[in-house]
Amino acid sequence: MSFSNAAFDCKRGAIPDMPGLEYQSYMDEKGLAWYTGVAASIASRMMDSEGRFYRTLPISHLVPSSGSSVDYAYATHLVDPSKNKIYGFGFEFGTQNLNHTCVTYPTVELHNSTREVRVGLMEFLLEAAKLQ
């Protein structure tokens with residue numbers, strides 16, 4: 001699969017892939033290894049901060065998404081090799097709470113989630129610094 005293959009324009013396979021629908025977002029092995037390792041490290045540090053379990057998965061397994069800002073940022077160096085590689089990243093945190101109409105309602109849950117996010121973002125920055 002090539003990122004620039006016009007045969008795949010406006011198409012996306014089922015998630016997870018099924019025979020005949022093997023299209024996925026393009027990423028080289030080095031990029032995939034970096035994202036996988038960093039995601040695991042972020043989830044581990046976030047779990048350490050509050051004890052809540054976090055799992056890692058591609059964003060396309062969470063919501064049907066292709067061409068998101070994360071995809072676009074990463075793809076710029078594939079379209080134009082003179083551009084630097086940009087590592088975009090998406091976070092989902094906390095738990096779903098259907099009792100509140102506002103997702104930022106000031107609760108203990110939100111306070112704990114905010115602490116987890118600060119830890120996750122710091123871990124991301126520390127990992128990104130290693131790329132230099």
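The values are calculated or read from the model by the stated rules, or taken from the named source; none is laboratory data. In this text, all values refer to a predicted model and were calculated from it rather than measured experimentally.
Observations
- Test: residue in the stretch 41-56 that is modelled with pLDDT under 85, within 20 Å of G88 (Cα to Cα) and aliphatic (A, V, I, L, M): no
- Residue within the stretch 76-86 that is at pLDDT below 80 and assigned to a loop (DSSP other than H, G, I, E, B) present: no
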